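Each reported figure results from applying straightforward, stated rules to the coordinates on display, with no laboratory input. Just so it is clear, the model here is predicted, and its values are computed rather than measured. No Cβ is skipped: glycine too gets one built from the backbone with ideal geometry, and neighbour counts run over all protein chains shown.
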Amino acid sequence: MPLTAVSGRVRAHALPLVLVLGLVGSLAVFVAVAASYVDGGAVVDLDLRVESWVAANMPAWAEWLARPFTWAGGLFGITLVSAVAVIALERCLRRADSILVIVVAAGAFLLTAGLKQVYERARPDAGSAIRLPHSYSFPSGHAATGIAVFGVLALLAAERARTRHARGLWLVCGFSLGAAVGMSRVVLNVHFVSDVIAGFCVGLAWLCACLLVRELAAARRAA
């Protein structure tokens, strides 16, 4: 068997394993953070300390820097980004990828909306740079949709990149943008730290689940 074929087969088996590990790991961290919040443990103490520090010490320039990221991760921003991506993918005749973007974005939003109703956590009340949303706080929808949507867009772009350097750059930029969306919520004091961590876990777990289904479907078609 040619070495290239062996290498391709190894990668084909390694990617689903990585996705499973990402899914299980993200869910495990989410469960741990959620349990600590419910029990009122060290996570809650950290949340309150950070909330108080942000309210008293966060400089105005940092708050203004955070605003574009928090807008990009909001319902309007994510809808706009997803719509532009779907239109671009459709023009390139990449129907399956456009559906993937829609599923990732919609699923991340619905998952966090449902989980908020389960935990019913009030938002920080020490003072925020922007108006507090009326929804519950845990987990952060911005963090979940940011890491999921910008992550999947980065992955789709990396798949078409011609060099390893370009692939790595797409991935770093995409996931860094998603992380910045989540962190902006702490800077603006509209979410606790644990809300954002839990949101990252939800978004990453959902992204891994969607990509895993995609890989398994591709493997079945190839077989």
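Annotations
- Within segment 3-222: Cβ-based charge dipole about Cα centre, in debye rounded to nearest 20 (Lys, Arg +1; Asp, Glu -1): 1100 debye
- Take the Cα of VAL84, step 7 Å toward its Cβ, do the same at GLU120, and the gap between the two points is 4.0 nm.
- For segment 75-182, the alpha-carbon coordinates run over 48, 26, 22 Å along the three principal axes, in decreasing order.
- Potential extension, ALA106-ASP45 segment - 0.36 nm per residue separation minus Cα distance: 18.7 nm
- For the chain, a Gaussian network of Cα nodes joined below 10 Å ranks ARG49, ARG160, ARG67 by mean-square fluctuation, and the top entry is ARG160.
- D_trans [Stokes-Einstein, Kirkwood Rh over alpha-carbon pairs] for segment 137-223, 37 °C, 0.692 mPa s, µm² s⁻¹: 241 µm²/s
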